[in-house]
Amino acid sequence: MRLFDLFMRRAGVDRASSLNRRHGMSRLTIVCPRDALGAVRKQVCSDFGAAGLNVAQFQIDTNRDADFASACITVNCPPELRPELMSQARRLQANPSVRHVHFGTSGHIASAAA
């Protein structure tokens, strides 16, 4: 298997990114006030779980602004659940505590606001 991976890398094929595309890895970035981050995190975990979406990673980044924080959420989303993921992103955008939501695959981030 290592020889095959080496061959694929030398041929210019990145198996990790192709696996991510096949398994439907997506990323949401949420910007909200620091004091609301706990409630937003609970909402994400409960709503995404109920929708059948698996949150693979929840990473918090402190912005330059002391009042706001951003959370980068990596989601395992098969292609058939992509509309549900978009719906969840719009639902998060409608939350009064959330200032902004970016949605996209790992390599490309696009705004979820409609």
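Here are some notes:
- Taking first residues from the range 39-57 that are within 14 Å of residue 27 (Cα to Cα) and open to solvent by less than 70 Å² (accessible area, probe 1.4 Å) and partners that are of a type in the set (A, V, I, L, M, F, W, C) and in a loop (DSSP other than H, G, I, E, B), the Cβ contacts under 6 Å between residues at least 6 apart in sequence or on separate chains come to 53/77.
- Entry remark, the range 79-114: residues being open to solvent by 40 Å² or more (accessible area, probe 1.4 Å), touching a helix residue (DSSP H, G or I) at 6+ places or on another chain (Cβ under 7 Å) and modelled with pLDDT under 90 number 3 in total.
- Selected residue (criterion: farthest from residue 28 (Cα to Cα)) from residues of the range 59-79 that are assigned to a strand (DSSP E or B) and among the aliphatic types (A, V, I, L, M): 69
The values are calculated or read from the model by the stated rules, or taken from the named source; none is laboratory data. Being a predicted model, the structure only gives us computed values, none of them experimental. With ideal geometry, Cβ positions are generated from the backbone for all residues, glycine too; neighbour counts draw on all protein chains shown. These area figures cover heavy atoms from the full protein model, side chains too; ligands, DNA and RNA do not enter into them. Shrake-Rupley method; radii C 1.70, N 1.55, O 1.52, S 1.80 Å.
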